[in-house]
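Structure, as structure tokens:
The values are calculated or read from the model by the stated rules, or taken from the named source; none is laboratory data. Please read all numbers here as calculations on a predicted model, not as lab measurements. Backbone-built Cβ (ideal geometry, glycine too); neighbour counts: all protein chains shown. Each accessible area value is taken on the protein alone, full model and side chains, heavy atoms only, with ligands, DNA and RNA left out. Shrake-Rupley method; radii C 1.70, N 1.55, O 1.52, S 1.80 Å.
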Amino acid sequence: MSLAMMGLCAFTACSSDDDKKGSETVTIQDSEYDAIINQYVDAVVLPTYADLKTKNSALYDAVVAFGNNPSNAGFSKICEAWLTAREPWESSEAFLFGPVADYGLDPNMDSWPLDQEAIVNTLMSQQWNEMEWTGDYDEDDDAIAAAQNIRGFHTLEFLAFRDGKARTLNDAASDDDPAHTVYNETNANAWAQYMRNTAQLLVDDVTLLVSAWNNGYAAAFKSHNGGDFTSGLSCIEQIIDGCVDIAGEVGEAKIGEPYDLYVSGKTTEALYAVESWYSWHSRDDYTNNILSIRNAYFGSRDGSINANSLSKLVAKYNPELDVRVKASINAAANAIQAIPQPFRNNINSVEAADAMDACAELADVLENELKPFLVNATK
């Protein structure tokens, strides 16, 4: 049977009787989503955040070790630990809802573009209290935004990396990097303290995130009997919305904003708009964002398709759509990886434009095909 016919039979009651053309539509019971939601929480969300907590603790340890005994090898170990810790964070961006949004943990940990000038000023003033904020999170609070701009992964990235490599104890100043923006004997103690404070805040944020999911939010999401989630479908819609958001962000913002700036002649602004350009890790960050969509759809973190996954459910009722979703995920990831490395040197490349198109296609399939199919089929 052709794939087209398989899809047709998923939507209608196929009959060999030419006088009776079946028109029975798919009906998905809300209860069918429960196993998918449980799998998503238990096998994707919670393990990703647990992994993030473990790897951020290792990053903190590397930073502390460097402060106790500064060395080139110590800088390299911080960079290795930073790259390792980035993977679970970027692989979580398809589910930036719940505690991560309620407590402002995304901008706490991952604000971009980086405010390099403010970071350098903090380094020179050593007013570490400016990195912290208290009270209820308000994304429009200027004081909170100012604190978030001088902490997180990218602040530590700036302090540990230079031109895609680990900094050294003998960083040399240049026209592009004057003395106050490179590690040297004069600022060595402050530099180490800044890295330590930043790494500690990352650990604190992840600890709060893991605790919030483990102590109430996971159970509330799985039970979906009140609050923001009152049905299995409402949870499934949130899962898909998270995937749509990050697909759009990667294509339109993470790749698209630097691209648009570059082609408009604002080449310097374009460079600073590239996320993770100090480490030259942009391309892998964006790919991991797409893999977070794959994980949410597959119900796993290793690329396998779990029996209790959205993919299996869609394949049961509409195999053609499942094929399109999977193909769009793969196409977006592959297009990003096809951008010549590093992205900061290939902002306006044909491959970057292709990656934007692939991300837009993925967002479109998720939002305008997958979500409506499930909404219309759910009873």
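Structural remarks
- Linear extension gain, ALA101 paired with ASP228, 0.36 nm per residue minus alpha-carbon span: 44.4 nm
- For segment 177-214, backbone nitrogen atoms closer than 20 Å to the point 7 Å from ASP141 Cα along Cα-to-C-beta are found at 198, 201-210, 212.
- Shape class for segment 274-379: prolate, because the ratio a/c of the largest to smallest gyration tensor axis (alpha-carbon atoms, square roots of eigenvalues) is 1.5 or more and a/b beats b/c.
- Pairs of alpha carbons in segment 116-270 whose separation is greater than 22 Å (percent): 61 percent
- Extension gain for the segment ASN189 to ALA220, taken as residue separation times 0.36 nm less the Cα-Cα distance, is 6.6 nm to one decimal.
- Under a 5 Å amide H cut-off, with hydrogens placed 1.01 Å from N, ARG167 pairs with PHE161, ARG162 among residues at least 5 apart or on other chains.
- Tensor-based shape of the chain (alpha-carbon gyration tensor, a/c under 1.5 rounded, otherwise prolate or oblate): prolate
- Hits among aspartates and glutamates - C-alpha to C-alpha of LYS312 under 14 Å, sequence gap 8 or more where chains match: GLU32, ASP34, GLU320, ASP322
- Packing, taken as the mean count of other beta carbons within 10 Å per residue, orders the peptides 243-251, 156-164 from highest to lowest as 243-251, 156-164.
- Pairs over the 29 Å Cα-Cα cut-off, from the set LYS55/LYS254; LYS53/LYS266; LYS165/LYS326; LYS53/LYS379: LYS53/LYS266; LYS165/LYS326; LYS53/LYS379.
- At a probe radius of 1.4 angstrom, the accessible area of segment 279-352 per residue rounds to 36 square angstrom.
- Protein accessible area in the chain, 1.4 Å probe - carbon and sulfur %: 47 percent
- Point-to-point label distance, ASN346-ASP364, nm (Cα→Cβ direction, 7 Å offset): 2.4 nm
- Rounded, prolate or oblate (a/c below 1.5 giving rounded, otherwise prolate when a/b exceeds b/c) for segment 185-313 by Cα gyration tensor: oblate
- Put a plus charge on the Cβ of each Lys and Arg, a minus charge on the Cβ of each Asp and Glu, and nothing anywhere else: the dipole of segment 138-210 about its Cα centre is then about 520 debye.
- Computed about its Cα centre, the charge dipole of the chain is approximately 1260 debye, with only Lys, Arg, Asp and Glu carrying charge at their Cβ.
- Efficiency of FRET from Cβ geometry, GLU132 and LEU46, R₀ 30 Å, rounded to 0.05: 0.65
- For segment 86-228, the solvent-accessible area works out to 45 Å² per residue, with a probe of 1.4 Å and every protein chain left in place.
- Here the calculated FRET efficiency for ASN334 and GLU252, from their Cβ-Cβ distance with R0 = 22 Å, stands at 0.70, rounded to the nearest 0.05.
- Among TRP213, ASN189, TYR262 the positive-end extreme of the charge dipole of segment 187-267 (Cβ point charges): ASN189
- Helix-derived mean residue ellipticity, 222 nm - over the chain, DSSP H n ≥ 4, -39500 (n - 2.57), to 500: -18000 deg cm²/dmol
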